[in-house]
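**Student:** Can you keep this structure in mind? I'll have questions shortly.
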Amino acid sequence: MKKAQLLALAGVLVACSGESPDVSDAEHSNMKSSVIEADIVYPQTRKVEVVDTYFGTPVPDPYRWLEDDRSEETQAWVEAQNAVTFGYLERIPYRDKLKARLEQVWNYEKVGSPFKEGDYTYFYRNDGLQNQYVVWRRKGDGEPEIFLDPNQFSEDGTTSLAGLSFSKDGSIAAYSISEGGSDWRKIIVMDAETKEILEAPLVDVKFSGISWKGNEGFFYSSYDKPEGSELSAKTDQHKLYFHKLGQPQSEDQLVFGGEPGQKRRYVSGYVTEDDRFLVISGSNSTSGNDLYIRDLSQPDAPLVTVLDHFDSDTYVLDNVGSKLYLVTNLDAPNKKIVTVDAADPVPANWEDLIPETEHVLSASTGGGYIFARYMVDALSRMYQYDFNGERIREIELPGPGTASSLSGKKEDEVLYYTFTNYKTPGTIFSFDVVEGKSEIYRESGADFDSSAYESKQVFYTSKDGTRVPMTITYKKGLELNGKNPTILYGYGGFNISLTPSFSIANAVWLELGGVYAVPNLRGGGEYGKRWHDAGTKLQKQNVFDDFIAAAEYLIENKYTSRDYLAIRGGSNGGLLVGAVMTQRPDLVKVALPAVGVMDMLRYHTFTAGAGWAYDYGTAEESEEMFKYLMGYSPVHNVRAGVEYPATLVTTADHDDRVVPAHSFKFAAELQSKQAGAAPTLIRIETKAGHGAGTPVSKTIEQYADIFSFTLFNMGISELPN
């Protein structure tokens with residue numbers, strides 16, 4: 001769940017006015033009875049006698065059998081649920097129209113920022129509706145050519161390019177692939193000039209980068225292959241290896257993670273740009289790491305400890321000779337940059353280079369400079385520094401929004417960044433590091449008129465008095481009459497910040513007259529470590545309260561009303577939706593939990609879930625923690641006799657991050673206990689995972705289903721013309 005990034009990049013619809021669809025209260029009421037009370041016969045979900053006991057409290061788990069993702073019975077259940085769900089979705093009269101409009105808006109050329117490796121300049125490109133981005137390259141002023149086309153990896157587009165890394169001189173490339181959306185990867189090594197595959201693929205690689213040491217080989221990370229299902233079995237000892245080109249994977253050197261004192265759930269290793277140091281970071285949760293370096297210029301150099309505890313998030317940003325530049329939140333919740341000599345790099349010897357400020361820092365390097373990007377109420381500000389810590393300039397941005405990091409190699413004279421917000425498609429800017437000037441390198445080709453929309457930030461008060469920002473985006477001229485279809489999207493966890501960014505799918509929602517609102521909930525990283533910690537463990541309810549307060553703000557200010565409000569979130573955000581809809585089923589009309597963590601008593605027993613304990617805690621750690629988790633765990637808080645919102649649970653059969661059993665069990669509970677007529681359906685994507693690498697065709701289908709389900713259950717019978 002680390003930064004995990006979901007692609008939200010949508011003919012027949014004509015852009016509608018800023019007003020909501022013209023639906024009177026009487027018409028809405030009639031449509032509710034005729035549309036929502038349609039007959040749905042849910043598949044029977046068998047219950048079993050399974051009871052776990054926590055601190056003397058018995059907890060039944062009647063759908064435990066759905067955790068077995070390899071059983072024929074589970075597969076039959078998936079097929080039966082999909083049959084019901086797609087049978088329902090097919091009855092929505094404008095579903096195909098929505099899909100066609102999504103395809104039309106999606107169908108434009110998309111090109112990423114260029115980067116140089118060896119004699120070539122590379123860039124990612126999608127001609128419009130290609131399932132996966134293609135890697136192109138150009139030599140000098142020559143014609144561009146395809147270097148790597150992931151669309152050729154599989155016939156159905158479900159095998160994706162997960163990573164690409166070049167050797168020091170750019171002559172060799174190593175790339176990783178994901179099959180069917182799984183987090184398990186293969187690494188393939190090829191001659192960058194001839195595109196010839198040089199050796200057998202490396203297999204069973206997971207949660208790994210690819211970091212080269214010169215041209216001789218690269219470091220990568222993985223777990224021992226688990227017994228049982230590789231999609232759900234627990235993985236908790238990560239290891240760092242060095243692969244020397246030409247040798248079989250079985251002979252790869254184990255660098256870190258093999259000794260009892262080195263057991264970590266997550267281990268990464270990366271080489272500094274000058275090939276001088278190997279940097280090793282280890283962690284047992286998604287927050288906090290220890291840190292080590294090894295001087296690769298010295299044969300058999302020892303591992304040197306930088307940090308021997310997990311009390312901070314710290315990494316090596318760069319080095320100049322033996323001088324290390326570290327980014328850390330140790331005693332600096334909003335982060336700072338420090339320097340230290342590699343000979344004795346412990347914290348006692350750190351010296352501040354760029355001190356902590358009141359805003360959260362993220363840092364990058366390129367062109368011989370350091371770039372400090374700050375979040376100010378979730379919006380970007382960016383500054384350029386030299387390696388002595390002297391500020392050179394503030395980099396002027398086009399307006400309020402999100403700027404990506406400026407990064408590159410030390411010798412680069414021009415760097416690139418992308419600027420976007422909720423109503424502005426991403427524009428790539430080039431930046432001259434000496435002159436300090438930004439110029440438009442490539443504008444988006446999206447068929448979207450930003451000037452017709454408004455995106456504004458508001459602040460509202462949560463239950464305990466905390467001030468929370470939210471960005472609301474809609475078509476200009478919107479009538480505040482409480483009848484605007486609205487999606488409230490949230491996450492609130494793992495120090496992840498929701499900063500403004502454009503989405504093709506959301507552009508279609510806005511075009512239809514919809515409102516899109518995103519609050520920056522506690523648990524995220526928008527205001528640093530304290531903001532994150534305020535939404536973890538025994539304070540997790542703060543996140544749900546923040547989301548509920550955001551919904552209430554939208555209703556009180558007439559952007560929408562309960563009958564036109566949907567809540568949506570994925571992964572930890574799926575948990576958010578599940579918790580809020582079970583705590584406040586009266587609050588919203590539609591709930592859209594995606595790939596959610598729904599069983600809070602057992603989440604840590606699957607794959608790498610134990611690493612999420614920093615945010616959640618576990619049911620075994622104390623009776624207090626057990627009772628707290630039990631109090632909001634969505635699976636355990638569905639009550640018989642309650643009318644729940646219309647719910648479309650979405651998950652994927654190859655999700656080995658948040659295993660689909662979470663969603664399976666939640667859907668089964670809803671279907672068995674729903675007292676109202678609103679549908680409680682589950683849509684299970686096949687040959688797909690947690691989101692990354694999902695083919696464009698599947699993404700478009702998903703959004704067509706989500707939007708049509710949402711509007712249909714708001715009583716909207718026709719799309720606006």
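The values are calculated or read from the model by the stated rules, or taken from the named source; none is laboratory data. What you see is a predicted model; the values in this text were computed from it and never measured. Don't worry about glycine lacking a Cβ; one is built from the backbone with ideal geometry, like all the others, and counts go over all protein chains shown.
**Student:** Of all residues in the stretch 557-573, which are charged (D, E, K, R) and in contact with a strand residue (DSSP E or B) (Cβ under 9 Å, 6 or more places away or on another chain)? Quick ask: steps written out before the conclusion?
**Tutor:** Within the stretch 557-573, the first condition is being charged (D, E, K, R), and the residues that meet it are 558, 562-563, 568.
Once the filter is applied, which keeps residues that are charged (D, E, K, R) and in contact with a strand residue (DSSP E or B) (Cβ under 9 Å, 6 or more places away or on another chain), the stretch 557-573 yields only Arg568.
**Student:** Shifting gears a bit: Identify, please: which residue in the stretch 251-272 is surrounded by fewer than 18 Cβ atoms within 10 Å (Cβ to Cβ) and at pLDDT below 95 and is, among those, nearest to Gly609 (Cα to Cα)?
**Tutor:** Top of the filtered list is Lys263.
**Student:** If Glu390 meets every condition in (1) under 28 Å from Glu117 (Cα atoms); (2) loosely packed, with under 15 Cβ neighbours inside 10 Å apart from one, which number is that one?
**Tutor:** Unmet for Glu390, out of (1) under 28 Å from Glu117 (Cα atoms); (2) loosely packed, with under 15 Cβ neighbours inside 10 Å: (1).
**Student:** Name the one entry in Asp300, Asp308, Asp236, Asp290 that is under 29 Å from Ala363 (Cα atoms), surrounded by fewer than 20 Cβ atoms within 10 Å (Cβ to Cβ) and of a type in the set (Asp, Glu).
**Tutor:** On the way: Asp300 fails: under 29 Å from Ala363 (Cα atoms); Asp236 fails: under 29 Å from Ala363 (Cα atoms); Asp290 fails: surrounded by fewer than 20 Cβ atoms within 10 Å (Cβ to Cβ).
After ruling out the rest, the residue left standing is Asp308.
**Student:** Contact list please: Cβ distance under 8 Å, first residue in the stretch 362-384 and within 24 Å of Thr471 (Cβ to Cβ) and among the β-branched types (Val, Ile, Thr), second residue at pLDDT 95 or above and part of a loop (DSSP other than H, G, I, E, B), pairs at least six apart or on different chains.
**Tutor:** Pairs that qualify, where the first residue is within 24 Å of Thr471 (Cβ to Cβ) and among the β-branched types (Val, Ile, Thr) and the partner is at pLDDT 95 or above and part of a loop (DSSP other than H, G, I, E, B), are Val376/His359.
**Student:** Continuing with the same structure: Would you be able to tell me the number of residues in the stretch 685-706 that are modelled with pLDDT of 95 or more and either of a type in the set (Phe, Trp, Tyr) or within 23 Å of Glu67 (Cα to Cα) (or both)?
**Tutor:** Initial filter on the stretch 685-706 (modelled with pLDDT of 95 or more): 700-706.
Then drop every residue that is not either of a type in the set (Phe, Trp, Tyr) or within 23 Å of Glu67 (Cα to Cα) (or both), which leaves 703.
Of the residues in that region, 1 qualify.
**Student:** Restricting attention to the stretch 91-128, which residues are within 26 Å of Gly366 (Cα to Cα) and not in a strand (DSSP E or B)? Spell out how you get there, then give the answer.
**Tutor:** Filtering the stretch 91-128 down to residues within 26 Å of Gly366 (Cα to Cα) leaves 110-125.
Residues satisfying the conditions are Gly112, Ser113, Pro114, Gly118, Asp119.
**Student:** Quick one: which strands (runs of 3 or more DSSP E) sit completely within the stretch 322-422 and have at least 3 residues that are among the β-branched types (Val, Ile, Thr) and closer than 30 Å to His309 by Cα?
**Tutor:** Where strands (runs of 3 or more DSSP E) fall fully within the stretch 322-422 and carry at least 3 residues being among the β-branched types (Val, Ile, Thr) and closer than 30 Å to His309 by Cα, they are 336-341.
**Student:** Give the residues of the stretch 69-80 that are assigned to a helix (DSSP H, G or I) and more than 26 Å from the chain's Cα centre (by Cα), sorted by residue number. So that I can check it myself, show each step before the final result.
**Tutor:** Of the residues in the stretch 69-80, the ones assigned to a helix (DSSP H, G or I) are 72-80.
Glu72, Glu73, Thr74, Gln75, Ala76, Trp77, Glu79, Ala80 - these are the residues of the stretch 69-80 that are assigned to a helix (DSSP H, G or I) and more than 26 Å from the chain's Cα centre (by Cα).
**Student:** Quick one: which strands (runs of 3 or more DSSP E) lie wholly within the stretch 129-181 and hold at least 1 residues that are exposed (fewer than 15 other Cβ atoms within 10 Å of the Cβ)? Outline the logic, then answer.
**Tutor:** Numbers: elements: 134-139, 145-148, 159-166, 172-179.
Per the criteria, 134-139, 145-148.
**Student:** Just give me the residues in the stretch 271-289 being assigned to a strand (DSSP E or B) and not β-branched (Val, Ile, Thr), in sequence order.
**Tutor:** First, the residues of the stretch 271-289 that are assigned to a strand (DSSP E or B): 271, 277-283.
Scanning the stretch 271-289 gives Phe277, Leu278, Ser281, Gly282, Ser283.
**Student:** Okay, moving on. Of everything in the stretch 329-349 that's under 16 Å from Asp290 (Cβ atoms) and touching a Leu at 6+ places or on another chain (Cβ under 7 Å), which residue is surrounded by the fewest Cβ atoms within 10 Å (Cβ to Cβ)?
**Tutor:** Checking each candidate, the answer is Pro347.
**Student:** Another one. Kindly indicate which of Gly482, Gly514, Gly493, Gly465 is out of contact with any strand residue (DSSP E or B) (no Cβ under 8 Å at 6 or more places or on another chain), crowded, with 24+ Cβ neighbours inside 10 Å and not β-branched (Val, Ile, Thr). Show your work before the answer.
**Tutor:** Working: Gly482 fails: crowded, with 24+ Cβ neighbours inside 10 Å; Gly514 fails: out of contact with any strand residue (DSSP E or B) (no Cβ under 8 Å at 6 or more places or on another chain); Gly465 fails: crowded, with 24+ Cβ neighbours inside 10 Å.
Being out of contact with any strand residue (DSSP E or B) (no Cβ under 8 Å at 6 or more places or on another chain), crowded, with 24+ Cβ neighbours inside 10 Å and not β-branched (Val, Ile, Thr) holds for just one of Gly482, Gly514, Gly493, Gly465, which is Gly493.
**Student:** Here are some residues: Ser287, Ser250. Which one is within 17 Å of Tyr223 (Cα to Cα) and among the small types (Gly, Ala, Ser)? Walk me through how you get there before you give the answer.
**Tutor:** Details: Ser287 fails: within 17 Å of Tyr223 (Cα to Cα).
None of the other options fit; the residue is Ser250.
**Student:** Also, I was wondering about something else. Among the residues in the stretch 76-97, are any in contact with a Gly (Cβ under 6 Å, 6 or more places away or on another chain) and over 25 Å from Leu512 (Cα atoms)? Walk me through it before giving the result.
**Tutor:** To start, the set of residues in the stretch 76-97 that are in contact with a Gly (Cβ under 6 Å, 6 or more places away or on another chain) comprises none.
No.
**Student:** Taking only the stretch 596-649 into account, find how many residues are in contact with a helix residue (DSSP H, G or I) (Cβ under 7 Å, 6 or more places away or on another chain), within 30 Å of Val205 (Cβ to Cβ) and surrounded by fewer than 20 Cβ atoms within 10 Å (Cβ to Cβ).
**Tutor:** 1
**Student:** If we keep just the residues of the stretch 556-569 that are out of contact with any Gly (no Cβ under 7 Å at 6 or more places or on another chain) and part of a strand (DSSP E or B), which is surrounded by the fewest Cβ atoms within 10 Å (Cβ to Cβ)?
**Tutor:** Arg568
**Student:** Look at the stretch 51-85 and say how many of its residues are surrounded by 13 or more Cβ atoms within 10 Å (Cβ to Cβ) and in contact with a strand residue (DSSP E or B) (Cβ under 8 Å, 6 or more places away or on another chain).
**Tutor:** 9
**Student:** While we're here: Can you tell me which of (1) of a type in the set (Asp, Glu); (2) more than 30 Å from Gln262 (Cα to Cα); (3) surrounded by 14 or more Cβ atoms within 10 Å (Cβ to Cβ) is the one Glu216 doesn't meet?
**Tutor:** Going through the list (1) of a type in the set (Asp, Glu); (2) more than 30 Å from Gln262 (Cα to Cα); (3) surrounded by 14 or more Cβ atoms within 10 Å (Cβ to Cβ), Glu216 breaks only (2).
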